[in-house]
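Peer 1: Sending over a structure as C-alpha cells; questions will come in a sec.
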Amino acid sequence: MLESLANESAAVSIRDVSKKFGTTTVLDDINFDVAQDEIVVLLGASGSGKTTILRIISGLEMPGTGRVMLHGKDVTNLPARLRGTGVIFQSYALFPKMNVEQNIAYGLKLRRRSKSEIRKTIDRLVGMVHLEDHRKKYPSQLSGGQQQRVAIARALAYEPEVLLFDEPFGALDAQIRASLRREIRKLLKEIKVPSIFITHDQEEALELGDRIAVLNSGRIEQIATPYEVYTNPATEYVATFLGSANIIEGVIRGRTFQSEEISLEIPSDYDFRDGQPAKLVIRPEDIFLRRPENLMQNYQQLTEGVVEETSFVGAFERVGVRLPTHDGQRLIATRPKTETAAFQLYAGQRVTVGVVRFRILPDLTRLPLHANRAV
Ligand SMILES: Nc1ncnc2c1ncn2[C@@H]1O[C@H](COP(=O)(O)OP(=O)(O)OP(=O)(O)O)[C@@H](O)[C@H]1O
Ligand SMILES: [Mg+2]
C-alpha cells in the first residue's frame, strides 16, 4: 500500500497504521485526521481495535507499520511522556493520597505555574466538572462518577495537544453520562483541544462526535459526520451497528431495485450495474404506514403488509409488519406519538408500507434472496 500523505494542518494524523499481536492482525491500514477543534469518536464492537489505536497515538504501543503525526510532527518514535497526549482511561488512576484539588493541580505544579494561576484553573475545572462540593475529598470518598470527573479535570489541567478518552463514561449511569457528555462537548469546543473518544454507545457517538469512525475488526468502515454515517451508511455493518436497519435483499434492474413484488425507483446519484445484487437499507423511522396524501416528503410505496404486533417503547411505538414475500419477511417500523394518536394500528391490520428515505448498497456476498435483519 502506498504511504498516504499527512495532512499538515491536522492536529492528529494517523497514516497507514497496522498492528499485529503475534499472527493476529488487530489494526489494518488505519487512516484518519483530527482537526484542531474536532472531536472524533471511535465506535466499534469489543475487540475491534479502538483501545489499540489510542495506545498507539499516546505512545504506549508501537504500530507495526505506519505513522502518527501530532500537529505536523512525526511522533511515531517518540516515547509516551514526550508526546503531550492526555489520556483518560476507564480505569482512571487518581492519586489516592491527594484530594480533588490536589489531583487536578498536580500537573500544574509540575509545570511550575504560579499559585494564583493554579487556584484559578482549579476553580474553573472544579466548576466545569461539578465537583464544587467535593473539592477537599479523597478519591476513596468519591463515587465512581465523581472520580471520573476528577480524571477528566486533571487531564485538562495539562493542556494536552490531544485528549484521548477511552470510554470515560463507561461506569456511569445513563443520566449522568448524557449530561456529562454534553458538558464535555461544550467544554472541548470552548478550549479547542482535539479529542478522540472511544465509545460503545451509539447515542453517545452521535451526540458527541463531529465525526464518527466506525471500526469493524481493525478496519475503519466509514468515517464521516454523525448525520452522514447515520443517513448514508457506507456498509451494511455500519447501518446495523449504528442504529437499527431493515435489510431487504434484491437486485438492480435498470433504474429500480427489485425484490419479489417490491420495486423501488432509485435516485440518480446511484451508479449500479444492471443485474447487480443489492441490499435495500431502511431505517425503522423511515417506514411510513399510512396513505401518503398529506405527506410533504418524498414517498415511494414498497408493498402491502400486515401488522403483526405493536409495542410501546417510550418516545415512540414499534410496529412489526409482515410482508407478503415468499418467506414472510418482517420489517420493523417506528412511529412518533403524533402519528400513533392520529392513526392507531392493531395486529392483523392490512397496511400500505411506504418509505420516505432509504439507501441501497451493492451486495458483494451474493447471498440468496431471503435475509432480513431488523435489530
Ligand atoms: N497486548 C496484547 N497482546 C495480544 N493481543 C492484544 C493485546 N492488546 C489487545 N489485543 C487484542 O487486540 C484486539 C483489539 O483490542 P482492543 O483493546 O484495541 O479492542 P477494543 O476495541 O478497545 O475493545 P473493547 O471495546 O472491549 O475495549 C483484541 O482482539 C485484543 O484481544
Ligand atoms: Mg477498549
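Peer 1: Output the residues belonging to segment 18-47 that are surrounded by fewer than 23 Cβ atoms within 10 Å (Cβ to Cβ) and either within 11 Å of ligand 1 (Cβ to nearest atom) or free of Cβ contacts under 8 Å to residues at least 24 places away in the same chain (or both).
Peer 2: Matches in segment 18-47: K19, K20, F21, G22, T23, T24, T25, V26, A45, S46, G47.
Peer 1: Being at pLDDT 95 or above, in contact with a helix residue (DSSP H, G or I) (Cβ under 7 Å, 6 or more places away or on another chain) and either closer than 24 Å to A153 by Cα or not in a loop (DSSP other than H, G, I, E, B) (or both) is the filter here, so list the residues in segment 60-97 that pass it.
Peer 2: V68
Peer 1: Just checking, does segment 169-179 include any residue being under 30 Å from T25 (Cα atoms) and either aliphatic (A, V, I, L, M) or more than 16 Å from ligand 2 (Cβ to nearest atom) (or both)?
Peer 2: Let us first name the residues in segment 169-179 that are under 30 Å from T25 (Cα atoms), namely 169-171.
After this cut, where a residue has to be either aliphatic (A, V, I, L, M) or more than 16 Å from ligand 2 (Cβ to nearest atom) (or both) as well, the list is 171.
Within segment 169-179, one or more residues are under 30 Å from T25 (Cα atoms) and either aliphatic (A, V, I, L, M) or more than 16 Å from ligand 2 (Cβ to nearest atom) (or both).
Peer 1: Still on this structure, please answer the following. For segment 59-76, state whether one or more residues are more than 18 Å from the chain's Cα centre (by Cα), in the same structural domain as S143 (by TED's automatic domain parsing) and within 16 Å of ligand 2 (Cβ to nearest atom). If you could, list the steps in order and put the result at the bottom.
Peer 2: Just the residues of segment 59-76 that are more than 18 Å from the chain's Cα centre (by Cα), to begin with: 59-76.
Now drop any that are not in the same structural domain as S143 (by TED's automatic domain parsing), which leaves 59-76.
Subsequent filtering for residues that are within 16 Å of ligand 2 (Cβ to nearest atom) retains 60-61.
Yes.
Peer 1: Taking into account only those residues within segment 19-58 that are in a loop (DSSP other than H, G, I, E, B) and hydroxyl-bearing (S, T, Y), which is farthest from ligand 2 (Cβ to nearest atom)? Show your work before the answer.
Peer 2: Of all residues in segment 19-58, those in a loop (DSSP other than H, G, I, E, B) come to 22-23, 35-38, 45-49.
With the extra rule that they be hydroxyl-bearing (S, T, Y), the set shrinks to 23, 46, 48.
Numbers: T23: 21, S46: 7, S48: 9 Å.
Of everything passing the filter in segment 19-58, T23 is farthest from ligand 2 (Cβ to nearest atom).
Peer 1: Another one. Condition test on R15, is it within 27 Å of Y237 (Cα to Cα), away from ligand 1 (no atom under 16 Å from the Cβ) and of a type in the set (D, E, K, R)? Give the steps one after another, and end with the answer.
Peer 2: Numbers: within 27 Å of Y237 (Cα to Cα): yes; away from ligand 1 (no atom under 16 Å from the Cβ): yes; of a type in the set (D, E, K, R): yes.
Judged against the criteria, R15 is a match.
Peer 1: Within segment 183-227, restricting attention to residues that are out of contact with any strand residue (DSSP E or B) (no Cβ under 6 Å at 6 or more places or on another chain) and part of a loop (DSSP other than H, G, I, E, B), which residue is nearest to D29 (Cα to Cα)?
Peer 2: S217
Peer 1: Going residue by residue through segment 151-166, is there one that turns out to be assigned by TED's automatic domain parsing to the domain that holds L27, part of a loop (DSSP other than H, G, I, E, B), surrounded by fewer than 22 Cβ atoms within 10 Å (Cβ to Cβ) and within 16 Å of ligand 2 (Cβ to nearest atom)?
Peer 2: First, the residues of segment 151-166 that are assigned by TED's automatic domain parsing to the domain that holds L27: 151-166.
From what is left, the residues that are part of a loop (DSSP other than H, G, I, E, B) are 158-161.
Those left that are additionally surrounded by fewer than 22 Cβ atoms within 10 Å (Cβ to Cβ): 158-161.
Remaining after also requiring within 16 Å of ligand 2 (Cβ to nearest atom): none.
Within segment 151-166, not a single residue is assigned by TED's automatic domain parsing to the domain that holds L27, part of a loop (DSSP other than H, G, I, E, B), surrounded by fewer than 22 Cβ atoms within 10 Å (Cβ to Cβ) and within 16 Å of ligand 2 (Cβ to nearest atom).
Peer 1: Since E204 meets every condition but one in (1) closer than 15 Å to L164 by Cα; (2) touching a residue at least 60 places away in the same chain (Cβ under 8 Å), which condition does it not meet?
Peer 2: For E204, the failing item is (1).
Peer 1: Against the condition within 16 Å of ligand 2 (Cβ to nearest atom), surrounded by 14 or more Cβ atoms within 10 Å (Cβ to Cβ) and closer than 20 Å to S195 by Cβ, how does T121 come out, does it pass?
Peer 2: Details: within 16 Å of ligand 2 (Cβ to nearest atom): no; surrounded by 14 or more Cβ atoms within 10 Å (Cβ to Cβ): yes; closer than 20 Å to S195 by Cβ: yes.
It is false that T121 is within 16 Å of ligand 2 (Cβ to nearest atom), surrounded by 14 or more Cβ atoms within 10 Å (Cβ to Cβ) and closer than 20 Å to S195 by Cβ.
Peer 1: Would you pick out the residues in segment 228-257 that are assigned to a helix (DSSP H, G or I) and more than 22 Å from P277 (Cβ to Cβ)?
Peer 2: Applying the first criterion (assigned to a helix (DSSP H, G or I)) to segment 228-257 yields 228-231, 236-241.
Listed by number, the residues that qualify are E228, V229, Y230, T231.
Peer 1: Which residue out of F288, F316 is surrounded by 15 or more Cβ atoms within 10 Å (Cβ to Cβ), assigned by TED's automatic domain parsing to the domain that holds G250 and over 14 Å from G354 (Cβ atoms)? Please lay out each step first, then the result.
Peer 2: Details: F288 fails: over 14 Å from G354 (Cβ atoms).
Only one candidate qualifies: F316.
Peer 1: Could you tell me which residue of segment 123-168 is farthest from ligand 1 (Cβ to nearest atom), considering only residues that are touching a Gly at 6+ places or on another chain (Cβ under 6 Å) and of a type in the set (G, A, S)?
Peer 2: The first filter runs over segment 123-168 and keeps only residues touching a Gly at 6+ places or on another chain (Cβ under 6 Å), leaving 155, 157-158, 160-161, 163.
Going one step further and asking which of them are of a type in the set (G, A, S), we end up with 155, 157.
On the way: A155: 19, A157: 26 Å.
Among those that are touching a Gly at 6+ places or on another chain (Cβ under 6 Å) and of a type in the set (G, A, S), it is A157.
Peer 1: Can I ask one more? Quick one: is K50 at pLDDT 95 or above and touching a helix residue (DSSP H, G or I) at 6+ places or on another chain (Cβ under 7 Å)?
Peer 2: Details: at pLDDT 95 or above: yes; touching a helix residue (DSSP H, G or I) at 6+ places or on another chain (Cβ under 7 Å): no.
When the stated conditions are applied, K50 does not pass them.
The values are calculated or read from the model by the stated rules, or taken from the named source; none is laboratory data. Quantities reported herein were computed from a predicted structural model and do not represent experimental measurements. Methodologically, a virtual Cβ is constructed for each residue, glycine included, from the backbone with ideal geometry; neighbour enumeration extends over all protein chains shown.
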